[in-house]
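The values are calculated or read from the model by the stated rules, or taken from the named source; none is laboratory data. Computed from a prediction, not measured in an experiment: that's the story for all the values here. A quick note on method: Cβ atoms are made from the backbone with ideal geometry, for glycine too, and the neighbour counts reach across all protein chains shown. Heads up: the accessible areas ignore ligands, DNA and RNA and are worked out on the full protein's heavy atoms, side chains in. Shrake-Rupley method; radii C 1.70, N 1.55, O 1.52, S 1.80 Å.
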Amino acid sequence: MAGVTMEKVVNLCKRRGFVFPGSEIYGGLGTSLDYGPLGVELKRNVKEAWWRAVVTSREDVVGIDAAIIMHPRVWEASGHLAGFSDPLVDCKSCKQRFRADHVEGGRCPACGGELTEPRQFNLMFKTYVGPVEDTAAIAYLRPETAQGIFVNFRNVLETSRLKIPFGIAQIGKSFRNEITPGNFLFRMREFEQMELEFFVRPGDDEHWYDYWREERLRWYLDLGIRRERLRLRAHGPGELAHYAKSCADVEYEFPFGWSELEGIANRTDFDLRRHAEFSGKDLTYFDEERRERYLPYVIEPSAGADRSALAFLVDAYDEDEAEGEPRTVLRLHPKLAPCKAAVFPLLRRDGLPERARRIYDDLRRRFAVDYDQAGSIGRRYRRQDEIGTPFGITVDHQTLRDGTVTLRDRDSMTQVRIAEDRLVDELGARIG
Ligand code: GAP
């Protein structure tokens, strides 16, 4: 992984407006982060690529968008109230708090002081619904989007003509009071998940578990992640979440080591069974073909939009040379790039800016594009390379004569001449 460090990626993100420290003018809030103009486009493109692959391009998956604050009984049924916790120790001297499994030698890592016995600390954010702050009004910000899907299983079943196997997908914010957030977008207290709950007949679960592991690994590869920095790792028995029969993680080799991008779990019928028990509602499915009634099993690919965005950024980051000068380039897949093309007039005279702006206005209706006439053409190319813009379109004197422009490719830096009225089709084809 020569070349790329987290520091370089974080600096680029701040410098170019991908990601800012949250509440920065007040000194920041822990490690909260805000997406800037380019970051928001990147993340939207990640979510759009996921939604296309998992929902709209398939006939067996539909989407929902459930509330973040759900009935508190949901979290009793799901096991999160009792079990979604980390063991914590407090330092008796400096009062700092640490995850017990992150402390070595039994002393405070900050000051060497004596530590308390470990206590369980629930990771869910608590809040109150309505004007009265008493125990009857306690609610939680969801720590996963999955439960919004399980509690709507019957609604979706009754209002669609889906038959098992089928899936329900959701993208949305989740909240966890992480003890040690960090590594930039990797671990935050507020983050976005992209989750699919795929309901299958018990007995078919192993087949679909294998299917979704392969399918999800391929998604990252299709969007350009290097094969050698991606792997599937099966969980050992001691690692499994309370609801899972088996689980495998898609891991990426970040500069800080191999880390989870996504978990694919066989959740069995755990969730539907618990919600049926706690709500008293029948959540079984009648399989008309087989003439049998059962509680479906669930295969769950659960990914993070922020973690994926970080992996795409890290993987795309590169440094090389252009015309004898060092350049930083983000080799983002065109589908993910925040800006698809930039239009440049070669000079700021002779009618070139006017012609370039006309092309820009035309392309803007179809694609996210940029217009730049400030500085030398080399500098303008490099500004776009640094934010991952895959194509550069330059308007020069020949354009005025024959209506052609140059189309430059970010990665190879080669240029071809092309008629300006072919640009929309050409860009469409290259972006895919
Ligand atoms: N419904 C299952 C579930 O929530 P998880 O492994 O706890 O499983 C799934 O989370 C994914 O959500 C992770 O693989 C990661 O991409 C993302 N994620 C979890 N915690 C996160 C955090 N604190 N910051 C950013 N992303 C997080």
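Pop the C-beta distance of Ala136 and Arg15 into the FRET formula with R0 = 45 Å and round what comes out to the nearest 0.05.
0.35
Per residue, how many Å² of accessible area does the chain show with a 1.4 Å probe?
48
Would you mind pulling out the separation of the Cα centroids of region 372-432 and region 170-194, in Å?
Their Cα centres are 37 Å away from one another.
Taking loop as defined by DSSP and a crowding limit of 15 other beta carbons within 10 Å, which trypsin sites (Lys or Arg not before Pro) in region 1-66 fit?
Within region 1-66, the qualifying trypsin sites (Lys or Arg not before Pro) (loop, at most 15 other Cβ atoms within 10 Å) are Arg58.
To make sure I understand the rule: partners must be aspartates and glutamates, Cα under 20 Å from the Cα of Lys95, and not fewer than 8 residues away in the same chain. Which ones qualify?
Leaving aside aspartates and glutamates fewer than 8 places away in the same chain, those within reach of Lys95 are Asp86, Glu104, Glu114, Glu117, Glu178.
Just to be sure I follow the definition: excluding the sites themselves, where is the longest run in the chain that has none of the GluC sites (Glu not before Pro) in a DSSP loop with at most 14 other Cβ atoms within 10 Å?
134-287
Defining a contact as two alpha carbons under 8 Å apart and six or more residues distant in sequence, what relative contact order in percent does region 269-370 show?
RCO, region 269-370: 15 percent.
Restricting to DSSP H runs of at least four residues, report the calculated mean residue ellipticity at 222 nm for the chain, -39500 (n - 2.57) per run over all residues, nearest 500 deg cm²/dmol.
Helices in the chain give a 222 nm mean residue ellipticity of -8500 deg cm²/dmol.
What is the magnitude of the charge dipole of the chain about its Cα centre, with +1 placed on the Cβ of each Lys and Arg, -1 on the Cβ of each Asp and Glu, and no other charges, expressed in debye to the nearest 20?
Computed about the Cα centre, the dipole is about 900 debye.
To the nearest 0.05, what FRET efficiency results for Lys163 and Arg73 with a Förster distance of 41 Å applied to their C-beta separation?
Efficiency, from the Cβ-Cβ distance: 0.90.
Counting alpha carbon pairs within less than 8 Å and at least 6 residues apart, what relative contact order, in whole percent, applies to the chain?
13
Rounded to the nearest 0.05, what FRET efficiency is calculated for Thr284 and Thr180 with R0 set to 60 Å and r the Cβ-Cβ distance?
Once the sixth-power term is evaluated, E becomes 0.90.
Does a label point 7 Å from the Cα of Thr127, set along Cα-to-beta-carbon, have any residues of region 165-187 with amide nitrogen under 14 Å, and which are they?
Hits in region 165-187 for Thr127 at 14 Å: 173-177.
With Rg and the Kirkwood Rh both taken from Cα atoms, where does Rg over Rh land for the chain?
1.03
In whole angstrom, and with the biggest value first, how far do the Cα coordinates of region 308-351 range along each principal axis?
45, 27, 11
Can you work out ³J(HN,Hα) from phi for every residue in region 201-207, in order, using Karplus 6.51 cos²θ - 1.76 cosθ + 1.60 and θ = phi - 60°, giving whole Hz and x for Gly and Pro?
6, x, x, 8, 5, 5, 4
Near Lys281, which aspartates and glutamates are there with a Cα under 16 Å away, not counting those fewer than 8 places off in the same chain?
Straight-line reach from Lys281, under 16 Å: Glu76, Glu158, Asp269, Asp271.
Return, ordered by residue number, the residues of region 321-339 whose backbone nitrogen is under 12 Å from a label point located 7 Å along Cα→Cβ of Ile431.
Within reach of a label on Ile431, which here means backbone N under 12 Å from a point 7 Å along Cα→Cβ, region 321-339 contributes 334-339.
Roughly to the nearest percent, how much of the accessible area of the chain is carbon and sulfur, given a 1.4 Å probe?
Using a 1.4 Å probe with all protein chains present, the chain comes out at 48 percent carbon and sulfur.
Give me the one-decimal Kirkwood hydrodynamic radius in Å for region 122-167, with the sum taken over alpha-carbon pairs.
Kirkwood hydrodynamic radius for region 122-167: 13.2 Å.
Within region 261-289, name every residue whose backbone N is under 12 Å away from a label modeled 7 Å from Cα of Leu240 along the Cβ vector.
From region 261-289, the list is 265-270.
Return the distance in nm (one decimal) between the two label points of a simple spin-label model at Glu325 and Arg358, each offset 7 Å from Cα along Cα→Cβ.
Taking the two extended label points, one gets 3.0 nm.
Can you check what the net charge comes to around Arg293, using other residues whose Cβ is under 13 Å from the Cβ of Arg293 (Lys, Arg +1; Asp, Glu -1)?
Surrounding charge for Arg293 is -3.
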